[in-house]
Each structure stands twice: as C-alpha cells, then as structure tokens.
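A short worksheet on the structure shown next.
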Amino acid sequence: MTINDVREKLQQQISQLISSLDQVVQMYGMPIIQDKNGNPLWIDVREMTLRYQIPIKKVQKFFEGLKEGKILATKCNKCGTIYFPPQDDCPKCKISGLEWVEMPDEGELVAYTIINVKPPSFSHYQDYIVGIAKMKNGINVTAWVNSKEVKVGMKVKLRITKREPENYLTYELIPA
Amino acid sequence: MRNVAIIGTGHTKFGVRTDVNLQELAWEAIKQALEEANLDQKDIQYFVVGNVGSWSAEELPAVVVGEYSDLTPKGTMRVEAACATGSAALRDAYLAIKSGEADIALAVGVEQMHQSPNPQVVELIGRAGDYFWEFENFGLTFPGYYALHASAYMAKYGAKEEDLGKIAIKSHHYGARNPYAQFQKEITMDEYLKSKPVAYPLKLLDSSPITDGAAAVVLASEEVAKKITDSPVWIVSQGVASGTANLSKRTDFTHIEAAYLAAQQAYSRAGINFDEAWRFFDVAEVHDCFTIAEIMAYEDLGFAKRGEGYLLAREEQTYIGGKIPVNVDGGLKAKGHPIGATGISMAVAITRQLLYRAPKGTQVNVKHGMGISHNVGGTGHYAYVTIFSTRRPSS
Ligand SMILES: [Zn+2]
C-alpha cells in the first residue's frame, strides 16, 4: 500500500460519512439520528480536520543526522546531562546550544507492548510492538521493535529505518 | 489555614449517557450536591469545572455548565489534569476555602466521551503522552502506556495474567452492586482470560471503558460547615505531584513515581506512617484505569511492599473484610472512567462510605472514620492523593 492509497481510502470513508449525513438531512429535515439506545443525536455538520505544524528548528540537527545515518542526542557540557529525545536547552544549567552526540546503538528492552487496538491514524499498519530500551549510555529510547520475538531483557540495536508507507526516516529497535 | 469539609455530594449514573448533553449531565450531579447540602446556587461563592474535553463539542465547558446550572456570575475556571482532572477540580475548590477566599465552593467533574465515535477517542487519548516522540511516530495508545508498565512489572516480579484478572473480577463484583456503575455484572476468570487483546499484555477486561458521567461536591469552611451539617467529611490533606510527559524519561516502569510522591506528602501532612498506611483507612479508592494500575497503586500507597502488590490481589485482601477494601464501588474498571469526573466520583464514594451511605453490598465497616483516594492523570503525568476523615483535623 502506498501513502496515496491510504489517503484515498480515508477520503472515501469521509465522503461516505458526509453523504450518509446528507441523506439523513434529506429524510428528516435535520441532521438527527438515533443511537443504539434510541437517543436522538444531532450530528455536527461543521467538521474540522486537524494537522499540526510542530516547530523543530531547535532540534533540526537531529533530522539532518537521520539523513546522514546518525541518531543524535544532545549533551550539556556543563552538567553532562544527555537529552533524548534531543533538546537544545539545558533547564538545569539554564544554557542553550548544547553539543550534539551520537546515541549508542546497543541497548536492552525494559518494557514493551503490542498495540492491537490502534488509533485510526495507525490503522493501516499491522499490529506493532512499541518498546522502551535502555541504551548503553543509560538513556532510554521509545521506538517500534521490529522483531518476531520480544521479551523484557532482550538485547536490542537501535537503527535508522524508513517508515512505510509514509516513506519518511525514523528509527527502530531490532534484536541484537 | 482553615479546615475544609465536604457537605454535599452528587453523582450521576455512569455509562453511555447520550440521553443528555454535557451541561445537562453536569447539572444532574450539581443539583444532587446542592440538595444534599441544602443550599441554593446563590450560596455558592465559587465553582470549578473539571473537564478534559476535546471529544465533546463545547470548547469552554466551565462557562456552559455555569450558565445551565444558574451559577453564573460566580467566579469559575475549567481545570485539566488528564484522568486526575476531578481531583484537580477538588483541589482548586479546597484551596479557595482553605485560603479564606471563599466559604462555600462547588467542584464538579464532567466528561462526555461519547460525543465522539470510539475510534476517535482512541486517537485523542493516545495523544496524551509526548505527542511528537511517542504518538506521531510510534502510535502509542493509552492502554499501550500502561501495558509498558505491565510488561516491566510482570517481568520483574513474576506477576501473572491471572493476578491482573483478580483485580478485574473484584471490580465487576462490586460494580454489580453499584447502581451508578456502567457495568453491573460479574465476570469470571475464564471470561477475563478469553477477552480481546488491546495492548499486550492488557486485554479488554483489564481496561476501564469509555464513559460519560458527572460528580459534584460542595465544600465549606469549618465555621460554615458546622452550621449546615452534623456529618461533615473533612479533607485532612492532599498530596500532589507530576511526572514526565515522555515515558522514556522515567527510570522505573514498575511503579508510578508521582503517585508515590503524592502519597508521601499526603501521609506526612496527616501524620500517617507510610509502611503501615493501610491500618489507618477503612476504604480506599485507587486509580485502576487498567488492572496493573491498581496493583502499582497498592505499592505506591504503602498498602503492600514493592513487588508484592499483586499478592494482595491474589489473596483477595482488598475485598470488604480484607486487609483494606479497595474500589468497592467497582473502580474505574466497572464503575466507568469519565475522565474529568473520576476524581470527584472518588471523593463522593469515600464520603458516602464514611457516612454509611454506600449502596447495599458495597458498604465497608467504618472503624477509623478515614478513607483515601488515589487519582493518577495520564500514566503518572499528574497524581493526587487525598485523605478524608469524619474526625475534624487538628490544624
Ligand atoms: Zn546542564
């Protein structure tokens, strides 16, 4: 499935919903349906699609790193704190412009789950495993675990991968 | 600082409440609380509305609730603390009175999750962690966050699926006896074990449902409370703490640090020794949005040692008559979890227990006159622990 197939399918579902709402208005003169308890419900006719724009300027280097094959964290030279996900401000020392360091690729799984009931925006994926791994530098990473077998305590590697079908770079955990 | 008492409680039937809209639902609870306190809206000097929203249509719920309930033009605000929103609303009203800003205040928690279809609610609630690094990229769901804890806890301490099941069975046992509960039927271990996986290792019967409901309390200062009622229930203390939005920033996935810190605060203000905390209380309401959460709550509240919470469940020590009765109203699991109302629902349940007004088959034996509520927002993003007593606090 390509991302366009996913989008088309989604648009079809939306247009189906809208046309059945139109039918309801035709029939009853108002957008009112009955739910399974027999209660009348007014179906909102003012729909809203949300897609946020999240500023990433302060951690742009992380995304450049992914392109270069590196998974980067930030490190405060004053107190030594390593930040992952990366952030450019050390609130402890109240300084900015932290150093960029590479995350180690070896770690151990400390918790995991298999997502069976998925949010609609993830419904085009097979059930996926999300894990938290403690990496060699003591910093935790949350990511999908690409593995058939999974258990707490298993050794994992952190690597860059392409998220399909969206086709963008991200990172995942695989068995070491 | 002044003592603060609960002098009126209100609670709607929890469940699918598509027979009323948000403000109508809130009014059901507010009306009951006003009637119990024998007060009118004009007596309420300040009211606070707990509502998380986003699944329901009204953007400014405190305002529409105030208007519908004839509380306008009294001062108000909407508070949000995820699943602990109700406790945050209680806190705001409590502090208003404690500080002397108001003598009588009302806190109402209301949530109507069924204004959105279930898949959309799954989507919205999954976004409740660190949006970008947890949801956008890795699609964590709300059960998923607690499932991470469950897998870590089970691996470390050897708790079994059946131990989680014991929690669900207890909740349904008491839910079946609570006329306000969403699920009023018992379940068996077999049904539990066969229930649909949601986020491994958690199943449908490990999870609290999507719910509509409201709960309200009227609070008063000591001076006013004594004039109004012979049976005030005092808020002895409240502890409050927060945790990271991003789960990976935590060092431990086998307990909820914020809840533990909130308990420490509440206990220290109430003069309660953590290690034998259970001896002080007749009843506890703990945040069991998922069965694993109740087990971690036993430990975070000092009812069981670290790693032994599941044994309390296994040995059925949290039924009425056991070491400490917990969630004998059905808990979030069976009573339902209308996110913004839950914390106030807990306060209502404890108050009614301490006054011997709990539904038949759920009433505990009140020996100490004390109860406790533990309300966690998100997965330990927020935590509130509140101690209630029929005895007037000394300070
Ligand atoms: Zn620093």
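The values are calculated or read from the model by the stated rules, or taken from the named source; none is laboratory data. Just so it is clear, the structure is predicted and the values come from calculations on it, not from any experiment. Note: ideal-geometry Cβ built from the backbone for every residue, glycine included; neighbour counts use all protein chains shown. Protein only, heavy atoms only, side chains kept; ligands, DNA and RNA dropped before computing areas. Shrake-Rupley method; radii C 1.70, N 1.55, O 1.52, S 1.80 Å.
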1/(1 + (r/R0)^6) with r = Cβ-Cβ of B:VAL366 and A:VAL101, R0 = 60 Å, i.e. FRET efficiency to nearest 0.05, evaluates to 0.55
Binned Cα-Cα distances of segment A:3-42, short to long, each 10 Å bin given as a whole percent: 28, 37, 24, 11
Distances longer than 39 Å among the Cα atoms of chain B: what percent of all pairs is that? 9 percent
Which of the residues in segment A:105-127 lose at least 50 Å² of accessible area when you go from the chain alone to all protein chains together (probe 1.4 Å)? A:TYR112, A:THR113, A:ASN116, A:VAL117, A:PRO119, A:PRO120, A:PHE122
Expressed in nm², what is the orientationally averaged projection area of the convex hull enclosing the Cα positions of segment B:61-217? 12.5 nm²
So how tilted is helix A:3-28 from the main axis of chain A? Cα-based, degrees 0 to 90, rounded to 10. 30 degrees
How much FRET efficiency would the formula 1/(1 + (r/R0)^6) give for A:GLU164 and A:CYS79, where r is the Cβ-Cβ distance and R0 is 45 Å, rounded to 0.05? 0.70
Quick check on chain B: helices-only [θ] at 222 nm, where DSSP H runs of length 4 and up contribute -39,500 (n - 2.57) each and the sum goes over total residues. Nearest 500, please. -10500 deg cm²/dmol
Over the Cα atoms of segment B:73-156, each weighted equally, I'd like the Debye log10 I(q)/I(0) at q = 0.15 Å⁻¹, rounded to two decimals. -0.76
Quick calc, segment A:1-67, dipole around Cα centre from Cβ unit charges on Lys, Arg (+) and Asp, Glu (-), nearest 20 debye, gives 580 debye
Could you work out the mean count of beta carbons from other protein chains within 10 Å of each residue's beta carbon in B:197-203? 5
Solvent-accessible area per residue, Å², over the protein assembly as shown with all protein chains present [probe radius 1.4 Å]: 43 Å²
FRET efficiency, B:GLU67 to B:TYR319 (Cβ-Cβ, R0 41 Å, nearest 0.05): 0.40
Of the candidates B:SER248, B:SER373, B:SER56, which one comes out as most mobile in a Gaussian network treatment of chain B with C-alpha springs shorter than 10 Å? B:SER248
Rg [Å, one decimal], Dmax [Å, integer] - the protein assembly as shown, C-alpha atoms: 24.2, 73
Based only on Cα atoms, what Rg/Rh ratio does segment A:54-103 have, Rh being taken as Kirkwood's radius? 0.96
Segment A:ALA176-A:SER19, extension gain: residue separation times 0.36 nm, minus the distance between their alpha carbons: 51.4 nm
Which of B:ILE272, B:VAL233, B:ALA215 sits farthest toward the positive end of the charge dipole of segment B:186-274, with +1 on the Cβ of Lys and Arg and -1 on the Cβ of Asp and Glu? B:ILE272
When the dipole is taken about the Cα centre of segment A:105-175, and only Lys, Arg (+1) and Asp, Glu (-1) are charged at their Cβ, what size is it in debye, to the nearest 20? 120 debye
Using a 10 Å cut-off on Cβ to Cβ distances, tally the other chain neighbours for every residue of A:51-59 and report the average as a whole number. 1
At 1.4 Å probe size, with no ligands or nucleic acids counted, give the accessible surface of B:ASP252 in Å², nearest ten. 50 Å²
What nm value, rounded to one decimal, do you get for the distance between B:PHE274 and A:LYS67 when each label is placed 7 Å out toward the C-beta? 4.9 nm
Enter the accessible area of B:ASP275 (Å², nearest 10), with the probe set to 1.4 Å and all protein chains included. 120 Å²
Let me spell out the model: positive unit charges on the Cβ of Lys and Arg, negative unit charges on the Cβ of Asp and Glu, origin at the Cα centre of chain B. What dipole size does that give, in debye rounded to 20? 860 debye
Suppose we take every Cα in segment A:105-175 and form the convex hull; what volume per residue is that in Å³? 86 Å³
Accessible area buried between chains B and A, both sides summed, probe 1.4 Å, in Å² to nearest 100: 3000 Å²
